[in-house]
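**Q** Before we start, here is the structure in question, set down as structure tokens.
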Amino acid sequence: MTVTDPGPVPAGELPAHDVDPEALRTQVSALLARARARSTALTDAVDETDLVAQHSPLMSPLVWDLAHIGSQEELWLVRDVGGREPLRPEIDGLYDAFRHSRASRVELPLLTPGEAREYVAQVRDKALDALGSSPLRGRRLVEHGFAFGMIVQHEQQHDETMLATHPLRAGAPVLHAPAPPEAVAPPAAAEALVPAGPFTMGTDTEPWALDNERPAHLVDLPAYWMDTAPVTNGQYLGFVEAGGYDDPRWWSERGWAHRVEAGLQAPLHWQRDGGGSTTGGTWWRRWFGVLEPVPAAEPVCHVCFFEAEAYAAWAGKRLPTEAEWEKAARFDPASGRSRRYPWGDDEPTEAHANLGQRHLRPAPVGAYPRGVSPSGVHQLIGDVWEWTSSGWHPYPGFTVFPYPEYSQVFFGGDYRVLRGGAFGTDPSAVRATFRNWDHPTRRQIFAGFRCARDAGRHDTEVG
């Protein structure tokens, strides 16, 4: 199966503040259709046995994700916005992510693949009725179509989760897509100096921003150096070959304990010639069911936070904080303002970033020169999620909206923030203010990183 984009979204991805309701309905309808086309492609690609199987205890059965998408859409768009009677109230508990761990969901009396497909189709019909009758203004939940945008982002997030499940399944590859563009303009320098000073972090104006992205607030940072590109497979291989996985000097105490317990020797899906040997030979990567030589120019992917942290220490650097990542991505020294994206306020195009499952792999460093930030940092959006050193906390002045289980209940836990989206992330579900989070041990997600370091006084004087 080839993953394709079902078509353009008219007049931009997201609604302007003064958009006409009819134009907004057209946009929302197109975004809902695109998300559903992707959900359908990812579930139709495999047979029923694979749909109901547990391919990893870290992931839900694909059929659970599909019906969960419908359940959330019914709760918010059909029942709340639409004011309609429940379609299947008896299944609400089955698809409540807070009642059942991912590992336990395979044991639940879930809808069959056929029932799940029928259910999500029925829900979508009712949701489109609600879209047609909603004023898309007034109540905060419907202002600028927020509830619809929330559901678009929710479905696309689960589409990325389902995509991440596919490499964990056994059997022949079933997903195919064209290769990403080649590198055309690698960064001119390995690092960019981001000057000291305040910048606006977060947003008050993005109409579909989630509660954890709000409110906008000033953050004053000292000067620092940021890598102009994500760490590549080739660079990471240097850490592996130098014995980085066997040297506790580079690992935090928690990181080393996890490395030993989990037996980590290389990124997930990497293997060396000669079976399990860790010396000599060529490194290969199993990528969506295909064994290939590790592509040196691509950003490294499928590493956990502890691996990223250890590499940075070995390289004499550190991981950037979340605020440092966002300033490098958004702040424009010429205007003194923070942009929506590194390249400006325009929505992402195929020339800006590797998003939307157009290509089922990261693009080589230097493939998207039009996506560079004012600081000279490349590929901050798309390709791989980037680990930061920051824990998951609310911004000053945070308020819950529209429910605490999206963000609030996770604050202060054992999480690290990731930024920027990956090749599997849809443009509607990522922006320069978007915040993702996960446990520091997780590797099945499409996560990589880049490094940063403090700037000395001489650096700032020269800069």
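The values are calculated or read from the model by the stated rules, or taken from the named source; none is laboratory data. Everything quoted here is computed from the prediction, not taken from an experiment. All Cβ positions, even for glycine, are placed from backbone atoms using ideal geometry, and neighbour counts span all protein chains on display. The accessibility values were calculated without ligands, DNA or RNA, using every heavy atom of the protein model including side chains. Shrake-Rupley method; radii C 1.70, N 1.55, O 1.52, S 1.80 Å.
**Q** Which option, (1) 21.6; (2) 26.8; (3) 23.1, is the value of mean projected area of the Cα convex hull in nm² that was calculated from these coordinates?
**A** (1)
**Q** Ok, one more. Name the residue from LEU141, THR399, ALA33 whose Cα lies farthest towards the positive end of the charge dipole of the chain, charges +1 on Cβ of Lys and Arg and -1 on Cβ of Asp and Glu.
**A** THR399
**Q** If amide hydrogens are placed 1.01 Å from N in the peptide plane, which non-local residues have theirs closer than 5 Å to the one on PHE401?
**A** Correct list: ASP211.
**Q** Right, something else. Could you give the accessible area per residue of the stretch 169-259, probe 1.4 Å, as a whole number in Å²?
**A** Values: 4030 Å² over 91 residues.
Per-residue accessible area for the stretch 169-259 comes out at 44 Å².
**Q** Using the Cα atoms as the points, what is the convex hull volume per residue of the stretch 368-463 in Å³?
**A** Values: hull volume 14.5 nm³, N = 96.
That works out to 151 Å³ per residue.
**Q** Ok, one more. Anything in the chain that counts as a DSSP H helix reaching 15 Å or more along its axis (C-alpha) with Kyte-Doolittle mean of at least 0.0? List them, would you? Can you show the working numbers first?
**A** On the way: long enough: 21-44 (34 Å, -0.15); 62-73 (17 Å, 0.19); 113-133 (30 Å, -0.56); 146-165 (28 Å, -0.18).
Going by DSSP H runs, the hits are 62-73.
**Q** Also, I was wondering about something else. For the stretch 352-380, list residues with backbone N below 16 Å from a point placed 7 Å from the Cα of SER335 toward its Cβ?
**A** Inside the label zone: 371-376.
**Q** Give the calculated FRET efficiency between THR205 and ALA33 to the nearest 0.05, with a Förster radius of 35 Å applied to their Cβ-Cβ distance. It would help to have the intermediate numbers written out before the result.
**A** Values: r = 26 Å, r/R0 = 0.76.
After rounding to 0.05, the efficiency reads 0.85.
**Q** Skipping prolines and chain starts, which residues have an amide H placed within reach, meaning under 5 Å, of the one on GLY382, given they are 5 or more residues away or on another chain?
**A** GLY421, ALA422
**Q** How big is the stretch 304-438 along each principal axis, measuring the range of its Cα positions in Å and listing the largest first?
**A** The Cα atoms of the stretch 304-438 stretch 38, 38, 34 Å along their principal axes.
**Q** Moving on to the next point. Exposed loop sites here are GluC sites (Glu not before Pro) in DSSP loop states with at most 13 other C-beta atoms within 10 Å. What is the longest stretch of the chain lacking them? Mind showing how you got there, number by number?
**A** On the way: sites that count: GLU182, GLU405.
The answer is 183-404.
**Q** Taking the Cα centre of the chain as origin and charging only Cβ (+1 Lys, Arg; -1 Asp, Glu), how large is the dipole, in debye to the nearest 20? Before the final figure, lay out the partial values.
**A** Numbers: 43 positive and 61 negative charges, 85 e Å.
For the chain, the charge dipole is close to 400 debye.
**Q** Hey, what did the stretch 50-178 get for relative contact order, percent, Cα under 8 Å, at least 6 apart?
**A** On the way: 129 pairs, mean separation 44.6, N = 129.
Value for the stretch 50-178: 35 percent.
**Q** Something else about it: On the protein heavy atoms, probe 1.4 angstrom, tell me the percent of accessible surface of the chain carried by carbon and sulfur. Could the numbers behind the result be given before it?
**A** Working: 9530 of 17850 Å².
Percent of accessible area from carbon and sulfur atoms in the chain: 53.
**Q** Restricting to Cα pairs below 8 Å that are 6+ residues apart, what does the relative contact order work out to for the chain? Please round to a whole percent. Intermediate values should be presented prior to the final figure.
**A** Working: 871 pairs, mean separation 84.9, N = 463.
Once divided by the residue count of the chain, the mean separation gives 18 percent.
**Q** While we're looking at this one, here's another question. Which ³J(HN,Hα) values, rounded to whole Hz and listed in residue order, are derived for the stretch 176-186 from phi using the Karplus coefficients 6.51, -1.76 and 1.60 in 6.51 cos²θ - 1.76 cosθ + 1.60 with θ = phi - 60°, glycine and proline given as x?
**A** Here the 3J(HN,Hα) series is 9, 7, x, 5, x, x, 6, 5, 10, 8, x Hz.
**Q** Let me ask something else. Which whole-Hz couplings ³J(HN,Hα) result when phi for each residue of the stretch 420-427 is put into the Karplus expression 6.51 cos²θ - 1.76 cosθ + 1.60, θ = phi - 60°, listed in order with x for Gly and Pro?
**A** For the stretch 420-427, the Karplus-derived couplings read x, x, 9, 4, x, 8, 7, x Hz, x marking Gly and Pro.
**Q** OK, next. Once label points are set 7 Å from the Cα along Cα→Cβ at both ASP44 and ALA121, what is their separation, rounded to one decimal in nm?
**A** 1.1
**Q** Please list, ordered by chain and number, the residues whose modelled amide H lies under 5 Å from the amide H of ASP426; skip anything fewer than 5 residues away on the same chain.
**A** For ASP426, the qualifying residues are GLY356.
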